[in-house]
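A.B. asks: My questions all concern the structure below.
The values are calculated or read from the model by the stated rules, or taken from the named source; none is laboratory data. Remember, predicted model here, so these are calculated numbers, not experimental data. Heads up: the accessible areas ignore ligands, DNA and RNA and are worked out on the full protein's heavy atoms, side chains in. Shrake-Rupley method; radii C 1.70, N 1.55, O 1.52, S 1.80 Å.
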Amino acid sequence: QVRLVESGGGLVQPGESLKLSCEISGVVLRIYDMAWYRQAPGNQRERVALITAGGTTNYQDSVKGRFTISRDNMKNMVYLQMNNLKPEDTAVYYCSIQVRFDTYWGQGTQVTVSS
């Protein structure tokens, strides 16, 4: 059974940093692409960052240069380092994996950026 658990969210001021973690179980992580998504109130869920099985990364334009996605296949973990956070980054952040034809999500972790 595939399971994802996010952690690391919180309340920070603009310009500060957070590092989100996602622990994945039930799959051999190293063969799958992983992604972080976010959803703000009233908005659709949007992909923030992707890391392929080979380590190639891709970012939404609004977070380029500020966010870094990484993975540790030995620990079955995926991370999202978020620097220079802005109020518009406020959302629930989810990690996600697609295994064959199924997409799995964690429960999400709240990130709030406010002064």
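A.B. asks: Suppose all protein chains stay in the model; what accessible area per residue would a 1.4 Å probe give for segment 3-54, in Å²?
C.D. replies: That works out to 54 Å² for each residue.
A.B. asks: Run the numbers for residue 61 and residue 88: contour at 0.36 nm per residue of separation, minus the present Cα-Cα distance, in nm.
C.D. replies: Additional length available on full extension: 8.4 nm.
A.B. asks: For segment 41-94, what % of the accessible area comes from carbon and sulfur atoms, probe 1.4 Å?
C.D. replies: Heavy-atom surface of segment 41-94 belonging to carbon and sulfur, 1.4 Å probe: 47 percent.
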